[in-house]
1. Quick one: which of 629-641, 325-337 comes out on top by average Cβ neighbours within 10 Å, and what's the full order, highest first?
2. Restricting everything to alpha-carbon atoms, can you work out Rg to Rh for segment 617-912 with a Kirkwood hydrodynamic radius?
3. How do 685-691, 169-175 rank on mean C-beta neighbours within 10 Å, highest first?
4. Measure out, as a whole number of angstrom, how far apart the alpha-carbon centroids of segment 1009-1031 and segment 690-753 sit.
5. Among DSSP beta bridges lying fully in segment 124-372, give the percent that are antiparallel, nearest 5.
6. Could you compute Rg(Cα) / (2.2 N^0.38 Å) for segment 124-372, with N its residue count?
7. What relative contact order, as a whole-number percentage, does segment 124-372 give when Cα pairs under 8 Å and 6 or more residues apart are counted?
8. Using alpha carbon centroids, what distance separates segment 328-407 and segment 545-617, in Å?
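None of the figures in this text is laboratory data; all of them are computed from the coordinates on show. Every value quoted in this text rests on a predicted model; they were computed, and no experiment measured them. For neighbour counting, all protein chains shown are included, and Cβ atoms are generated from backbone atoms with ideal geometry for every residue, glycine included.
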């Protein structure tokens, strides 16, 4: 029976090959349902005419009793548990912060004025009015650092005759005893060695209790051995307690050694978060405040009373033998600090909150260094967590607090430190397991709980970043970059805290209540900070200085912006529509967890956020790529500046700004300009790390490399090139310490990428159906030629292709010249003694980025396309720029630059004059202008969203998919051959059209046909789109067959 048949062959460059291909559709078992992806109103189809696998709800087939227990219900229960726990914990933490913020707005009084004790306006006119202060410095095995606290205490602006400095040591600590005796020859202090027979296990609270009975000052305070106190500390302490009638006060603590590594940076952010963010809010609302183990001061009678209260609550801590020994040595056995608790400061603060004692915070900062090694950090955190669990059990067993409210606060504060890391880790595991099983919560309440949890997760990481910002004294730009890095990596820090929590519970389970020693090493950083204070310029002045330093860059960026404005609002093509209407329109969680799309999630997360702010129009969606494109040109300049000099950087940036390859993908709502930006920045920080493996450079490299990997799979080949180069460099330097440092840096950069690699990339590219690359064909030499053409500036990337014989000749000459430049630069650098050889690095990067995937595509499976290697522009243009910059004669240098720029400018009209192969906007206008009640059949199926996106919001045009799967025999299936006819009949349109996306050759033939009873009456071509209008056939049997 004759039908209208249209045969179309599809080119291998059909569309971005990494978009949305999935497993071939097969009839689904009745026990499985496939809901649509969030934000997806219709199934999305790939070039293979296959539907993307949507997250699947897994049902259970078995006995009725077990039918309700499915993976979905288990995951839902886990999600609710973790979500509620995380919600409650964060409400407790951030309610005071939120309320303090509201009160500040209402009353106009900032937290610093309300929560901190104001002492600056108080003046003690005569020295006799100053109270006597006993300062305890408890220490064990601190010979290397104890001089820091002792000297800083004696260098304070306080009458020294009113300051009694007592160092408390253990009898077996010979090294520290010898060091303190040496210091005592030049500094006034009292050395007290705690007798071995003194009751209790040797630890800090035991030493403090013994020291308390050896002194009689009005005020008692603690400073740890490794601390350096502020000059105004004791002045503010005395004024807060004497003049402001505070019973006990707490100073601020800052972990200043952030340069020692990532965990030290996070430690500083954590302390900034607590002391500058949470502590003032807790104080303002009267929440219980656990004290620090240092820089806290008490009226002596307050400590005596708290000892009596603890004895009344728990009983006498001493057995008869202990009491007898104490009595014989004239000691009362008073215990202001619980000698059995390894976090005596934490317990003491909560106990004092239950009394009527008045607490104050003083704005005096004590500097300290956090543990440098992970082992030492874990020991310290284990002790802290163990002490808090012990405190919780103690308060639970021996009731503390006078009211249910107080008891609730005490128990919750003791439990709170363990809930945070546990919940973060649990949520991460939930996301990982749920993603592997395709879990998407269908219950609105569960979704709401998880959304609140996600909001609080962002609030928590932002709080850490704010804590760092408020604490750090780094230059503003450095401070901003580190604050962002803190926010990005805080969850990993919480996971480490959970590891310490596990150690703490394990030690408690076996009855280990001992004190794990925290080793403090002398690094010299505190002395260095004292001699060279950190910069404190404003962010505005710092940005202004950087902008004027690179003044010639701004005209280049302006030129680049102007060149990228034309056609920015043109019709979207298929891949862009997918970015906007499918993956970019999912929720945040779905974007992160979906395994249906083989692209990493970072670009789509950025696009989703961007569209929330600016909408989904072509101009709005593409402006994100434009932003990354402009920023990447600045990145190329900085890379050239780093590798060579300013002039080379400027020339390279100018060449990139004129590149049509770069212009095209700065105007495309896909991830390629983002990939180029992070690829260039990763190379920049890689080269900086080679020369200076400082904390800033390491952070920059880790962040940009991780972002590059999470933007596109080809970021892995940039990393591969760096690894090739790094291996050569490390073999040449033969420095094991550098190998160790680089191993840690690369682990941090790649580690967060591994989950996506395992859950998505490995299965989708290597062991699955490889549907993601089926639209690609085996790579050949023509592909390498096209890559070279693209680098030169010839438009060879679909949907903008325009190759002429003239531009091909220019490209061939340019390719030969660039190859010669590369060889010459490598040869020149090989004769030098440079530590980092930029030309060699550029060559290795090009081999890894172009050569390695080309070989994979030629021998293993198709994996190569021109647009994926866009990062290669940077090393090529840097080599060209360096060759021009090396010309000594200025006239010849200017002439060479003019020739290169002229060649680049010649490609601009070729690019702007090229026709757009997929003008969906024009196609939508044509069918809309045909009148009301129009039905459009989309061929192939996956093009439906492209037309829907470009139809006007009030359009009366309906679109349906042409389903090519004719194998189903289910008469009610949408895949049944009769389905199209039934759907057309159900619409009963006045106008019937088909829009066919044609490409070819290079693909298997795609056959499609309209149902009997319709014949073509009009045919219009718009680029590669065929628009065919149909009318009902007057009589049966006279349908027309159209040749392919």
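1. Output ranking for 629-641, 325-337: 629-641, 325-337.
2. Numbers: Rg = 18.9 Å, Rh = 19.8 Å.
My calculation puts Rg/Rh at 0.96.
3. Values: 685-691: 20.6, 169-175: 15.7.
Highest mean packing first, the order is 685-691, 169-175.
4. Here the two parts' Cα centres lie 55 Å apart.
5. Details: 8 of 29 bridges.
Among the beta bridges of segment 124-372, antiparallel pairing accounts for roughly 30 percent.
6. On the way: Rg = 17.8 Å, N = 249, 2.2 N^0.38 = 17.9 Å.
Output field value: 0.99.
7. Numbers: 428 pairs, mean separation 67.1, N = 249.
Once divided by the residue count of segment 124-372, the mean separation gives 27 percent.
8. Between the Cα centres of segment 328-407 and segment 545-617 lies a distance of 50 Å.
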